[in-house]
Amino acid sequence: MNSKQENSTVARPLVATTDKGTKAIAERLSRFRKEQGITQVEMSKKLKTTQSVYSRYESGEYRLHGELILELSKILGVTPNDLLGITDSGNAK
């Protein structure tokens, strides 16, 4: 990386390569779910998992994988980029 890249002040989204990024994604997941009026129990049933496992995604204890990000996005009516914090299209209702 050159010095220009190292000193860049361009804001970058928090991604799941860090604990802080994982927590930011977990917080967006929780917010989008609540905006849709879906409980953790309902979400876990849609995902065919337990509420305990789903809760760990929202707490940031478990990281989301690609297929899960796509499934969550469909259920929540947001784009994968919205969930990851890359964009915010405001699709959640």
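Loop-only check: which trypsin sites (Lys or Arg not before Pro) in the stretch 19-89 are DSSP coil with at most 11 other Cβ within 10 angstrom?
Values: sites: K20, K23, R28, R31, R33, K34, K45, K46, K48, R56, R63, K74; in loops: K48, R63.
Taking the stretch 19-89 and a limit of 11 other Cβ atoms within 10 Å, the loop trypsin sites (Lys or Arg not before Pro) found are K48.
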With x for Gly and Pro, the residue-by-residue ³J(HN,Hα) of the stretch 29-42, computed from phi through the Karplus equation 6.51 cos²θ - 1.76 cosθ + 1.60 at θ = phi - 60° and given in whole Hz, is 4, 4, 4, 4, 4, 5, 4, 7, x, 9, 7, 4, 5, 4
Which entries in the list K20/K46; K23/K45; K46/K74; K45/K74 go over 21 Å, if you measure between the two C-alpha atoms of each? K20/K46; K23/K45
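Since every read-out is calculated from the coordinates, none of them should be taken as a lab result. For clarity, every value in this text was computed on a predicted model and none was experimentally measured. For neighbour counting, all protein chains shown are included, and Cβ atoms are generated from backbone atoms with ideal geometry for every residue, glycine included.
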